Amino acid sequence: MSVTEAPKPPSLSAIFKVFLAIGLTAFGGGASAHIHDAVVHRKRWLDEKRFLEGMTVARIVPGTNVSNLAAFVGAILAGYRGALVAVLGVVVPGLIAVLLLAVAYARFAEHSRYIQLGLHGLTAGAVGIMASLVATAAKPVLRSPAGMLFALAAFVGVGVFELNMLLVLVVLLPLTSYVARKSETTP
């Protein structure tokens, strides 16, 4: 392959296999971290910047973050077919697991105390995985004073004042775009 040649996009089956593996092994918010690891680090299908753009889109549009992120990545890699196979791969295992767990929970409700304890343990694991993803995603953003300021503004708006996330993003988007343009034109 010459230097000017673009890398060959992955096949639909390769996309499906990666997202199916994620759907089978990830849980909760941790799936985004697994997607990041797979498509940025292991497969190198996306760079860090494009992935973070996808995470942003996935979080602001309706739907679950992981299926939105899978659709974004799949669409970037192989159009609407890539989006479809990525979403199916990541969602179907969880769908089947939730259906089975719901049936088991309904059947064994008298043992729900033990089930609740198990779910608390899983929650703790998901929080740790999400913290790892946040730390990774924050590094490039927090390198600049403007990035730190906008991240802090979003955190305060959503986390402290409990404003609607979409409202906060609608306010911050033009400001961040303006600052980014200014920094590109400044010598």
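How about the stretch 108-130: which of its residues are of a type in the set (A, V, I, L, M), more than 20 Å from I22 (Cα to Cα) and modelled with pLDDT of 75 or more?
Hit for the stretch 108-130 is L117, nothing else.
Based on this model, can you work out whether A104 counts as surrounded by 14 or more Cβ atoms within 10 Å (Cβ to Cβ), free of Cβ contacts under 8 Å to residues at least 60 places away in the same chain and part of a helix (DSSP H, G or I)?
No, not satisfied.
Could you tell me whether I76 is of a type outside the set (K, R), modelled with pLDDT of 95 or more and closer than 28 Å to S13 by Cα?
Answer is yes for this residue.
Matching residues to (1) surrounded by 13 or more Cβ atoms within 10 Å (Cβ to Cβ); (2) assigned by TED's automatic domain parsing to the domain that holds I35; (3) under 25 Å from A26 (Cβ atoms):
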site	(1), (2), (3)
I129	yes, yes, yes
L163	yes, no, no
T176	yes, no, no
K182	no, no, no
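Tell me the residue from A26, A6 that is modelled with pLDDT under 90, surrounded by 17 or more Cβ atoms within 10 Å (Cβ to Cβ) and more than 24 Å from N164 (Cα to Cα), please.
A26
Within the stretch 11-63, which residues are acidic (D, E) and assigned to a helix (DSSP H, G or I)?
Across the stretch 11-63, the qualifying residues are D37, E48, E53.
Just need a number here: residues in the stretch 47-81 that are over 13 Å from the mean Cα position of the chain (by Cα) and surrounded by 17 or more Cβ atoms within 10 Å (Cβ to Cβ).
4
Just the residues that are within 23 Å of E48 (Cβ to Cβ) and part of a loop (DSSP other than H, G, I, E, B), please, taken from the stretch 140-175.
Passing the criteria: L142, R143, S144.
The values are calculated or read from the model by the stated rules, or taken from the named source; none is laboratory data. Quantities reported herein were computed from a predicted structural model and do not represent experimental measurements. Every residue, glycine among them, receives a Cβ derived from its backbone with ideal geometry; neighbour counts consider all protein chains shown.
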